[in-house]
Every structure is written in C-alpha cells, then in structure tokens.
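J.: Mind looking over this structure? Questions follow.
The values are calculated or read from the model by the stated rules, or taken from the named source; none is laboratory data. Keep in mind the model is a prediction, meaning the values are calculated, not measured. Counting neighbours? That spans all protein chains shown, and the Cβs are built from the backbone with ideal geometry, glycine included. When the accessible area is computed, the model is the full protein with side chains, heavy atoms only, and any ligands, DNA or RNA have been set aside. Shrake-Rupley method; radii C 1.70, N 1.55, O 1.52, S 1.80 Å.
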Amino acid sequence: MTNIANKKLTLAKRPVGDPQPDNWALETETIDGLAEGEVLVQTALLSIDPAMRGWMNESKSYIRPVKIGEVMRALAGGKVIESRNPRFTAGDYVTGAWGVQEYAKGTGDEWQKVDTKMAPLETYVGTLGLTGMTAYFGLLDVGKPQAGETVLISGAAGATGSMVGQIAKVKGCRVVGIAGGAEKCRYVVEELGFDACVDYKEGRLHAEIKKHCPEGIDIFFDNVGGEILNIALAHLRLKARVIICGAISQYNNTTAPEGPANYLSLLVNRARMEGFVVLDYASRYAEAGAEMAQWMMQGKIKGKNHIVSGTVEDFPETLMMLFRGENFGKLMLKLD
Ligand code: NAP
C-alpha cells in the first residue's frame, strides 16, 4: 500500500457558547500500512449531530468528552480500501464512529458492514442509523404511543423529529409538529404527513398548540428544551409522557440550562417526564432496523437527508447549520 495522507480535524480548545474557528485544528498524518487484523476505510459521509456540541464540553455526560488534541468524534460511513482482517474486503461499505477524518484505520470491531445494494449509504447513516434508532426507541419504548393519542414533536423538520412523527402516524396517532418557519411547517405536513405543524418563530406557540391539540397532548417528544418545553408542559393531558430526547436550544448556553417553570403540570396530570439515551438500546438496533426498513419499503416512512458536499475543513461550518436551523432532515457532510 502506498502512503496515505490523512487530513483530520481535532479539538484544539473547548468552546464557550457557540463553537468558533479556533476550537478546531486541521492536522495531516501519514497512514503507512496495516498490521494483521486491521482495516483501512475512506470516509464518504459524516453524520452531523447536535450532540457533538456536548461532546466538546469537559463536563460529565453519558459519553466521555472528546479530549483536547483528539479527532472530533463523529458517526461516519465509508468504503473499505484495504483489509488485513478476514471480516472485511476492499469495496465493502461500513459505518462506525471513527470521527472527522478522511481515512480511518482500525480493527473494525465496532464498525458495521452495510449492504449498499439494499439502500444507499446515507440511509444507513441516517434513517437506519442512530437517528432512526433514536426516534424509534424514544417514541415507542419511552413514549409507548397508543392509536388515537395526540403526539407533539419539537424539532419536527429535523432528523429525529421527522422520523418520530412518521412512526407516530404508523402507530395511528394524531401528530402535531413544531418547527421554525413556514417552509419547514409546510414540508412537515405536506411531505411527511403530520396532521399539523406550528411555526414557533411566529411567537404564538401557546395559542397554536391549543388550536391543534384542543384536548391536550398525550406525548411530547422534545428535541429542543427551553421555552418550547415549558409551553408544551402547559398542554399535557392526564397520564401524558414527556420524552426528553434533547435540548438543542440550550447547548450553546453560557449559563445553566433554562428549566421549565410549568413542571407542576406533571403533578396535576399524573404525567411522566423521562430522558433516554439511544446508546442504551444497542442490543436491539437490529430489531428496530428491520422494522424501519420494512416501513420504508412499504412507503410508510421516508428519510430526508440534507447532504452538504465539502472536506473535513467544512465540518465546523456544517455543524453550525444545526444551531441556525438551516437543515431539513438529517444533516450529513459528504467528503469530496
Ligand atoms: P435536527 O433536528 O436535524 O437539527 C436541529 C434542529 O433544531 C434545527 O434544524 C432547528 O430546527 C432546531 N433548533 C436549533 N436551535 C434551536 C432553538 N434555539 N430553538 C428551537 N429549535 C432549534 O437534529 P437531530 O440530530 O435530529 O437532533 C435533535 C435532538 O435530538 C437534539 O437535541 C439532539 O441532541 C437529540 N438527540 C438525542 C439522542 C438521544 O439518545 N437522546 C440521540 C440523537 C439526537 P428549526 O429550524 O425548526 O428551529
């Protein structure tokens, strides 16, 4: 094998507030041969996730922080270009969490082979990857939706929210989304089949939730946190479930996250608010993936990917698109 120059993006400095250009360092290393049992993958797609902002912090979380000087953690998809591991052959496509770099060398123990004849690589990174798993287990395992119930979803036009709403429709629920802007709301209703969508940027969230959920909400699937969570709590029905998937509105705060003043609605309505981490469901991904794939083939759900083309150097700007609400569906960076 000839030597390969691998460009990678490392964490140079922890951010305070919005990530800035000086939080990152671009480095080049030479990969010069594989040991017995190793595989070399060329990155094709990087999954861009709000959680990345949390991984940049020093603080304790469900996963250890990315260390200073370490390659930024990222879920990725790519092609095996060389293998000294019997599990992989050059030409195989794989997904794994090898980070923001052009190539990755490893034993592949935690990488999954995927069949790109069945579905394109982006589907394995998005709908059938952790995004789909998050929607599936968050809604079905934590929320336990029943047909006829009303499900409200924040971040409805995003990767997770758009899948949650479609799965809730499969389960016979009435589904109302919350998204930023008329175009996103139109997309959520007309293309994804939600029953209604509220544009939170119009500033009438209380009244609009009341209008679209006149009996209140049975499940609130929250991707956003902050004031949206607070307002949603005021509309709970008896025995409602509030699923804390994420709180993107709080991730760049320089002060403590904003807590919901309306939390006593949980008491009044004998409701439950529960957080979850998709990684806890790893042993059941195959089961969920099979069911999601079937729904896709039956046309019951569709994955929308927002793919930006660029290089690893474009990662910082692409990440910021999430916080500016510039993505429709699952955001990925496709390496040129
Ligand atoms: P996403 O929804 O595709 O993208 C983020 C969206 O959030 C943006 O498009 C934007 O949509 C919205 N947003 C950004 N800043 C906002 C603000 N200040 N107020 C309101 N909305 C804002 O991202 P995703 O990958 O699906 O992730 C969604 C959430 O799930 C995140 O909170 C993430 O951390 C969480 N998550 C949790 C798990 C878990 O295991 N618990 C796993 C994966 C993801 P608008 O244009 O509509 O504002």
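J.: Any chance you could list the semi-axes, whole Å, largest first, of the equivalent ellipsoid that the Cα gyration tensor gives for the chain, using √(5λ)? Please report the intermediate quantities before stating the final value.
T.: Values: eigenvalues 264, 100, 56 Å².
The equivalent ellipsoid of the chain has semi-axes of 36, 22, 17 Å.
J.: Now for a different question. Suppose every K and R has +1 on its Cβ and every D and E has -1 on its Cβ; what is the size of the dipole of the range 120-248 about the Cα centre, in Debye to the nearest 20?
T.: Dipole magnitude for the range 120-248 comes out near 320 debye.
J.: Using r as the Cβ-Cβ distance of residue 270 and residue 211, and R0 as 22 Å, what FRET efficiency do you calculate, to the nearest 0.05?
T.: Efficiency at R0 = 22 Å is approximately 0.30.
J.: Here is a further query. Once label points are set 7 Å from the Cα along Cα→Cβ at both residue 326 and residue 234, what is their separation, rounded to one decimal in nm?
T.: About 3.3 nm separates the two model spin labels.
J.: So, for the range 35-82, what is the accessible surface per residue at a probe of 1.4 Å, expressed in square angstrom?
T.: Accessible surface, normalised per residue, equals 41 Å².
J.: May I pose another question? Where in the range 39-62 does the label zone of residue 279 land, with the point 7 angstrom along Cα→C-beta and an amide N cut-off under 18 Å?
T.: Answer for this model: 47-62.
J.: Let me ask another. With r as the distance between the Cβ atoms of residue 87 and residue 25 and R0 = 35 Å, compute the FRET efficiency 1/(1 + (r/R0)^6) and round to 0.05.
T.: 0.60
J.: Then there's this: Normalised by the residues of the chain, what does the relative contact order come to in percent, with Cα pairs under 8 Å and at least six apart?
T.: RCO, the chain: 17 percent.
J.: Roughly how many Å² is the accessible area per residue of the range 199-261, as a whole number, for a 1.4 Å probe?
T.: That works out to 48 Å² for each residue.
J.: Shifting gears a bit: Quick one: which of 211/239; 7/302; 184/300; 8/113 span more than 25 angstrom between C-alpha atoms?
T.: Check vs 25 Å cut-off fails for 7/302.
J.: Given a 1.4 angstrom probe, I'd like the percentage of the accessible area of the range 130-204 that is carbon and sulfur, rounded to a whole number.
T.: C and S atoms contribute 43 percent here.
J.: Of the accessible area of the range 241-336, with the probe set at 1.4 angstrom, what percent is carbon plus sulfur? Don't skip to the end; give the middle numbers.
T.: Numbers: 2800 of 5190 Å².
C and S fraction of accessible area: 54 percent.
J.: What figure in square angstrom, to the nearest 10, would you give for the accessible area of residue 170 with a 1.4 Å probe?
T.: Answer for residue 170: close to 50 Å² accessible.
J.: Just the number please: accessible area per residue for the range 270-329, 1.4 Å probe, all protein chains included, in Å². Each step should come with its number before you reach the end.
T.: Working: 3260 Å² over 60 residues.
Dividing the accessible area of the range 270-329 by its residue count gives 54 Å².
J.: Spelling out what I want: for every residue of the range 83-97, take phi, set θ = phi - 60°, compute 6.51 cos²θ - 1.76 cosθ + 1.60 (Karplus), and round to whole Hz; glycine and proline get x.
T.: For the range 83-97, the Karplus curve yields 9, 10, 10, x, 6, 10, 10, 3, x, 5, 9, 9, 10, x, 9 Hz.
J.: Quick one: dipole size for the chain, taken about the Cα centre, charges +1 on Lys/Arg Cβ and -1 on Asp/Glu Cβ, in debye to the nearest 20.
T.: Values: 37 positive and 40 negative charges, 203 e Å.
The dipole magnitude comes to about 980 debye.
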